[in-house]
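Asks: Below is the structure I would like to discuss, written out as structure tokens.
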Amino acid sequence: MGIPVWLIYASITAFFLASADCFIKLASGRISSSLGLLIYGACTFATGLGWVLLERLRAIPLHAQPIAYLYALGVGVSFSAVTVGLYATFGAGAPISLASPFVRLAGLVVASIVGLTLFSEPLTGRYVLGMLLVFGGLYLILTR
């Protein structure tokens, strides 16, 4: 049994998420948050447009249920808010070694609660132990 494909994708995504934090930390104080967000938005727009055009050239059909447009809009608004929040956090002088883990782990807790309550995902003993370790990790990180 090999490594699940989703875990490979998630690992690559985690790397890029950490890279984004590092680049925002480097940019904070050197560029206004609004201009930083605009550049982020331009990059995501160009990437999305390129991907759609590539799929059109390859004759891959595009599809979406009507509600999916609202969900996708929610993704854009949410990631834009994350970007603004990170610029504000790092612009206020937060160390990346504290702020980034806090944002990620706190987000993990919120996403987990949503998964358990709204999506009826299973709650197991190992899961509870993992969440307790997350809370312990948050405490240890924030209190160094």
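Only the coordinates and a few stated rules stand behind these numbers; no lab work does. These numbers come from a predicted model, not from an experiment. FYI the Cβ positions are ideal-geometry reconstructions off the backbone, even for glycines, and counts take in every protein chain you see.
Asks: Given the condition without any contact (Cβ under 8 Å) to a residue 12 or more places away in the chain and among the acidic types (D, E), answer yes or no: does some residue in segment 16-39 qualify?
Replies: Within segment 16-39 (the criterion being without any contact (Cβ under 8 Å) to a residue 12 or more places away in the chain and among the acidic types (D, E)), the answer is no, since none of the residues qualifies.
Asks: If a residue has to be touching a helix residue (DSSP H, G or I) at 6+ places or on another chain (Cβ under 9 Å) and exposed (fewer than 11 other Cβ atoms within 10 Å of the Cβ) to count, how many in segment 6-29 make the cut?
Replies: Here the count works out to 0.
Asks: So, in segment 80-103, exactly how many residues are within 16 Å of the chain's Cα centre (by Cα) and either farther than 29 Å from L35 by Cβ or surrounded by 14 or more Cβ atoms within 10 Å (Cβ to Cβ) (or both)?
Replies: Number of matching residues: 14.
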